Amino acid sequence: MRLNQNTMLLGKKVVLVPYTSEHVPRYHEWMKSEELQRLTASEPLTLEQEYAMQCSWQEDDDKCTFIVLDAEKWQARLGPAEESCMVGDVNLFLTDPEDPTLGEIEVMIAEPSCRGQGFGTEAALLMMSYGVTKLGLTKFEAKIGQGNEPSIRMFQKLHFEQVALSSVFQEVTLRLTVSEPERQWLLAQTSHVEEKAYRDGSAEHQ
């Protein structure tokens, strides 16, 4: 999505940055994992296909993608290489032409050592706040494999409720409608977040 291609969001545990070509090699290595392919219902791509996918996601109006960085590593790094700080990604898919206020959210913490530390929770909160304040979203859905209990619990903690269970696809659909109280709660949860221009923000740490 072009809207976020120069936006970075700085949280306490994570930093969200646009998915650029420099992130592709690490992302490609992640997606060789059979576990991640299963959890994300993805097919393995060649490196060339991954670069093409990154380009299309950057241009598509119905996909908003951020790479999730470990904020502590990012703050401490000496050079410009973000690849060493990458821990996952977070996506919003605006795929319902009849309801532009609905976004499907996906969070992937790809680095096994970074799971269970709250990175996914903060990344989801940052993305949801961005969706509400910048994209005009009022509803979120998350479709998660039935066996992915940690992800299901994470979204339930973020006030999502289960609305469907597909035995065919073996996935659970959870939904959150952003009422005014939910909006205020979400904004309070993300009041610490700083939004900066991406390239300027990167330059500060070089």
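Throughout, read-outs are computed from the coordinates displayed, never taken from laboratory work. What you are looking at is a predicted structure, and each value in this text was computed from that prediction instead of being measured. Neighbour counts are summed over all protein chains in view; Cβ atoms, including those assigned to glycine, are modelled from backbone coordinates with ideal geometry.
Structure summary
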{"item": "Long-range amide H partners of residue 178 with built H, under 5 Å", "result": "139, 140"}
{"item": "Partner lysines for residue 63 [C-alpha distance under 26 Å; skip if fewer than 8 residues away on the same chain]", "result": "12, 13, 32, 134, 139, 143, 157, 196"}
{"item": "Mean Cβ count within 10 Å, highest first, over the residues of peptides 62-75, 145-158", "result": "62-75, 145-158"}
{"item": "Helix-only [θ]222 nm of the chain, DSSP H runs n ≥ 4, -39500 (n - 2.57) each, per residue, nearest 500", "result": "-10000 deg cm²/dmol"}
{"item": "Relative contact order (%) - the chain, alpha-carbon pairs under 8 angstrom, separation at least six", "result": "24 percent"}
{"item": "Cβ-defined net charge surrounding residue 72, 12 Å radius [Lys, Arg +1; Asp, Glu -1]", "result": "+3"}
{"item": "Positive dipole terminus of the range 74-204, leading residue within 142, 102, 187 (C-beta point charges)", "result": "187"}
{"item": "Over 16 Å [Cα-Cα, the range 1-102], rounded percent", "result": "61 percent"}
